[in-house]
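Visitor: Next up is a structure, given as structure tokens.
Where a number appears in this text, it was derived from the coordinates with a stated rule and is not lab data. All figures in this text were calculated on a predicted structure; none of them were measured in a lab. Quick reminder, even Gly has a Cβ in these numbers, built from the backbone with ideal geometry, and neighbours come from all protein chains shown.
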Amino acid sequence: MEKITITLPDGSKREVEKGTSALDVAKSISEGLARNVLAAEVNGEVRDATRPIDDDATLKLLTWNDDDGKSTMWHSSAHLLAEALEELYPGIKLGIGPPIENGFYYDVDFGDHEFSSDDFKKIEQKMLELAKEKNEYQRQEISKQDALDYYNKKGDEYKLELINDLNDGEITFYTQGNFTDLCRGPHIPNTGFIKAAKLLSTAGAYWRGDENNKMLTRIYGITFPKKKELTEYLEQLEEAKKRDHRKIGKELGLFTFSEKVGQGLPLWLPKGAALRERLEQFLKRAQKIAGYEPVITPHIGHKDLYVTSGHYAKYGEDSFKPIDTPNEGEEFLLKPMNCPHHCEVYKSEPKSYRDLPVRYAEFGTVYRYEQSGELHGLTRVRGFTQDDAHIFCTPDQVKDEFKKVIDLVLYIFKTLDFKDFTAQVSVRDPKDHSKYIGSEENWEKAEQSIIEAAKEKELNYVIEEDEAAFYGPKLDFMVRDAIGRKWQLGTIQVDYNLPERFELEFTGSDNQKHRPVMIHRAPFGSMERFVAVLTEHCAGNFPMWLTPEQVAILPVSEKYNEAAEELSKKLNNSDIRALVDDRNEKIGRKIRDNELKKIPYMLIYGEKEIESQSLAVRKHGEGDLGTMPVDKFIEHVQNEVQEQTGTFNG
RNA sequence: GCCAAUGUAGCUCAGAGGUAGAGCACUUCCUUGGUAAGGAAGAGGUCACGGGUUCAAUUCCCGUCAUUGGCUCCA
């Protein structure tokens, strides 16, 4: 028998017979491992663990701990869902059923069947019943004609359409139990791996995402190899619901919306405004240290400005309509971005290479016509404020500027306790450089600069090809919040387009005119979105330095209200944001209510404290901390704020 | 923008073809208290908006607006 060599991730090599499957290799290592193998990565390609390996190969066994293992399991689960649905609703037609980040879905045409989410239980039970049969997922290569014949017989026009787009020779079917599906794979060895299944929601989805096509019923679900993991997942969903910034924003009085003002236009309430201003001050201070110069530009701009920038041609039709001046009939646009304005700021005076880099910063409020169905709390709105800045520099300065911006972003993440984040570097499509503006040389330099900057700053980064904008490469920060959800926050983008379009120049040391490079950057992204993400990240328990109200003084009875007011003044004079809960309520009630308001410190204030000149301190979520002298408490709070905001060295 | 669901008091929600309900919040009074809900009384709604059906519509139908979940989009 012919032998092949399998190389495992740890570098160890095994001689096995040709045609051995990844699962066999796993078994030879340990039965326990074999029981957990969902799929295999063979020479970098994810495939069925049961498929024979015919040549020397590197092999990684994929389990539930690997993203590819999870998605293989969920892909197989989509098939299991389809099998259950076919048994319960004979004659249905199937669209596609892929895995997604958290689970999977299947698009189904139920035809005449009545279907509602009330049937979820029934379907879940059927899925688990079928899973118990431990049916193997069997791969079968099939000719295009045979595949078409199969679905013609079945009468499923969706699958026929999919097959028609495929080439003969690359078509495979997978069968488990009584269900066969057109599928590229890969799949888990058998349905027995699926121990828990939950259908989560339904939604309408057009066939192939095209609104001219028929709407299918999309059923979302998720499965797990252990029942306990499903329970935990459902708990996490509950937790996410509790942390929803729309709910917390309402409870804490941060922001609201009004139908009269218009959809997607947030109104910041006093406490939300206080929070946001604090964030802005925080960034302004750091930006000053980092050499940014604040500028202020208007909320509207002449249409020509956007014609020049190219935004009008690209987005004009999808924007708010222009505003006309009554007499001259000139057209102005609500500004959808700050950069064209900043380009004009740059042009206000001739620039020398000695001036560069110049860094213009502005908390600029912009308005974009987002489709009504896209609006969502503060994360997707029509009017929002970017913590925008534009850096104009020479191509040689790009790397240094990137490093500086990365420092700033890292300072923010550290201060706000975002510990888990990655950077995504978006570069050109390596196969086609023609769709990008700017010279080959500059692009090459910029992409390298970004990658080197990321490397030197020791960022955990991935490079995404073909994700760059037409005008330049970029680096985006993706953070994971306290309950594991991913958000895209800060962004740093190189732009060759606008300097070109606005004919920006500087005089070089050679006394010749040169074109600067522009870097857009927004560490928060937008204040709205950032506050939303931060709210969910900390579940409304904002850090001391940021929270609108830091200390609640709770007089034990109305007799002490006046003394409590005095104390409040003293604290406020020490830059501590304190309030007095002088309601005619018992102390227990005041504690409860202020706990719910998530105020970090409560001071129970009565006869004892007044006499002893001390404070009974209670911390949110922790309880009674005992007593301390007033001055010590002030110092304690001030230190806490100081520690939280730290220092930034630019 | 498209599909679906939802829209009742400040909030969370119940309700039914015949003049609208609860809890919390709010106001007043009683109570003056020591670490997560003291008691009583009161006030508060054009049942999203506009049409239609009906003797009668907040309830049924249509449209609009908004919200939610998806789809598509995101400079």
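Visitor: Structure shown: which of A:LYS228/A:LYS590; A:LYS122/A:LYS242; A:LYS3/A:LYS227 lie over 31 Å apart, alpha-carbon to alpha-carbon?
Guide: Numbers: A:LYS228/A:LYS590 39 Å; A:LYS122/A:LYS242 28 Å; A:LYS3/A:LYS227 41 Å.
The answer is A:LYS228/A:LYS590; A:LYS3/A:LYS227.
Visitor: Return the ratio Rg/(2.2 N^0.38 Å) for chain A, where Rg is computed over Cα atoms only. Write down the numbers at each step before the final one.
Guide: Details: Rg = 30.2 Å, N = 650, 2.2 N^0.38 = 25.8 Å.
Normalised by 2.2 N^0.38 Å, the Cα Rg of chain A equals 1.17.
Visitor: On to the next question. Which order do A:PHE179, A:PHE255, A:PHE173 fall in if you start with the one that has the fewest other Cβ atoms within 10 Å? Each step should come with its number before you reach the end.
Guide: Numbers: A:PHE179 21, A:PHE255 24, A:PHE173 17.
Ordered by Cβ neighbours within 10 Å, fewest first: A:PHE173, A:PHE179, A:PHE255.
Visitor: Step through the table entries A:LYS414/A:LYS597; A:LYS70/A:LYS486; A:LYS241/A:LYS598; A:LYS271/A:LYS598; A:LYS284/A:LYS513, compare each Cα-Cα distance with 21 Å, and write down the pairs that go over it. Walk me through the intermediate numbers first.
Guide: Numbers: A:LYS414/A:LYS597 25 Å; A:LYS70/A:LYS486 17 Å; A:LYS241/A:LYS598 17 Å; A:LYS271/A:LYS598 13 Å; A:LYS284/A:LYS513 32 Å.
As for pairs spanning more than 21 Å Cα to Cα, those are A:LYS414/A:LYS597; A:LYS284/A:LYS513.
Visitor: Could you let me know the centre-to-centre spacing of segment A:330-398 and segment A:503-543, using Cα atoms, in angstrom?
Guide: 8
Visitor: Divide the volume of the convex hull of the Cα atoms of segment A:207-299 by its number of residues and quote the answer in cubic angstrom per residue.
Guide: Convex hull of Cα atoms, per residue: 286 Å³.
Visitor: To continue, here is another question. What are the aspartates and glutamates whose alpha-carbon lies under 19 Å from the alpha-carbon of A:LYS247, with same-chain residues fewer than 8 places away excluded?
Guide: Once the sequence-local aspartates and glutamates are set aside, what remains near A:LYS247 is A:GLU235, A:GLU238, A:GLU239, A:GLU259, A:GLU374, A:ASP481, A:GLU528, A:GLU536, A:GLU549, A:ASP593, A:GLU595.
Visitor: With the Cα gyration tensor of segment A:254-336 giving a ≥ b ≥ c as the square roots of its eigenvalues, does the rule (a/c under 1.5 for rounded; else a/b larger than b/c for prolate; else oblate) give rounded, prolate or oblate?
Guide: Numbers: a/c = 2.56, a/b = 1.39, b/c = 1.85.
Taking the square roots of the gyration eigenvalues as a ≥ b ≥ c, segment A:254-336 is oblate.
Visitor: So how strong a dipole does chain A carry about its Cα centre when Lys and Arg Cβ are +1 and Asp and Glu Cβ are -1, to the nearest 20 debye? The partial results should precede the final answer.
Guide: Details: 89 positive and 115 negative charges, 342 e Å.
Value, rounded to 20: 1640 debye.
Visitor: Excluding same-chain residues fewer than 8 positions from A:LYS399, which lysines have a Cα within less than 21 Å of its Cα?
Guide: A:LYS288, A:LYS351, A:LYS445, A:LYS455, A:LYS457, A:LYS474
Visitor: While we're looking at this one, here's another question. Counting each DSSP H run of 4 or more residues in chain A as -39500 (n - 2.57), what helix-only mean residue ellipticity at 222 nm follows after dividing by all residues, to the nearest 500 deg cm²/dmol? Please list the in-between numbers first.
Guide: Numbers: 20 runs with 229 residues, N = 650.
Calculated at 222 nm, the ellipticity per residue is -11000 deg cm²/dmol.
Visitor: Give me the net charge of A:PHE332's neighbourhood, meaning all other residues with Cβ under 15 Å from the Cβ of A:PHE332; Lys, Arg count +1, Asp, Glu -1. All intermediate terms of the calculation are to be shown ahead of the outcome.
Guide: Working: positive: A:LYS303, A:LYS321, A:LYS335; negative: A:ASP304, A:ASP324, A:GLU328, A:GLU330, A:GLU331, A:GLU344.
Result for the local shell: -3.
Visitor: How much of the pair distance distribution for segment A:524-640 lies past 19 Å, counting alpha-carbon pairs only, in percent? Intermediate values should be presented prior to the final figure.
Guide: Values: 3086 of 6786 pairs.
The answer is 45 percent, as a whole percent.
Visitor: Then there's this: Among A:ARG285, A:ARG218, what is the fewest-to-most ranking by other Cβ atoms within 10 Å? Don't jump to the answer; show the numbers that get you there.
Guide: On the way: A:ARG285 12, A:ARG218 18.
Sorted ascending by nearby Cβ count, the order is A:ARG285, A:ARG218.
Visitor: Amide H of A:VAL556: which non-local residues (sequence gap of 5 or more, or other chain) have their own amide H closer than 5 Å, using H built in the peptide plane?
Guide: Those lying under 5 Å, H to H, from A:VAL556 are A:TYR605, A:GLY606.
Visitor: Relative contact order of chain A: what whole-number percent is it, with Cα pairs under 8 angstrom and at least 6 residues apart?
Guide: Working: 1193 pairs, mean separation 57.6, N = 650.
Relative contact order comes out at 9 percent.
Visitor: What Kirkwood radius, in Å to one decimal, follows from the Cα pairs of segment A:1-158? Mind dumping the intermediate values first?
Guide: Numbers: mean 1/r = 0.0560 Å⁻¹.
When all Cα pairs of segment A:1-158 are included, the Kirkwood radius is 17.8 Å.
Visitor: Normalising by the residue count of segment A:3-63, find the relative contact order in percent from Cα pairs under 8 Å and 6+ residues apart. Write down the numbers at each step before the final one.
Guide: On the way: 115 pairs, mean separation 24.8, N = 61.
41 percent.
Visitor: Hey, another quick one. Quick one: net charge of A:PHE110's neighbours, Cβ under 11 Å, K/R +1, D/E -1?
Guide: -4
Visitor: Please label the shape of segment A:3-63 as rounded, prolate or oblate, based on the square roots a ≥ b ≥ c of the eigenvalues of the alpha-carbon gyration tensor (a/c under 1.5 means rounded; beyond that, a/b larger than b/c means prolate, else oblate).
Guide: Working: a/c = 1.35, a/b = 1.25, b/c = 1.09.
Since a/c stays below 1.5, the shape of segment A:3-63 is classed as rounded.
Visitor: For segment A:68-240, just list the percent of Cα-Cα distances falling in each 10 Å bin from zero outward, please.
Guide: Reading the bins upward from 0: 10, 39, 37, 12, 1, 0.
Visitor: Quick check on the exposure proxy: order A:HIS75, A:HIS113 from fewest to most C-beta atoms within 10 angstrom.
Guide: Numbers: A:HIS75 23, A:HIS113 15.
Arranged by neighbour count, lowest to highest, A:HIS75, A:HIS113 become A:HIS113, A:HIS75.
Visitor: For A:GLU280 and A:LYS486, what does the FRET efficiency come to when R0 = 41 Å and r is the distance between their Cβ atoms, rounded to the nearest 0.05? Show your work: numbers first, answer last.
Guide: Numbers: r = 25 Å, r/R0 = 0.61.
Step by step, r from the Cβ atoms, then E = 0.95.
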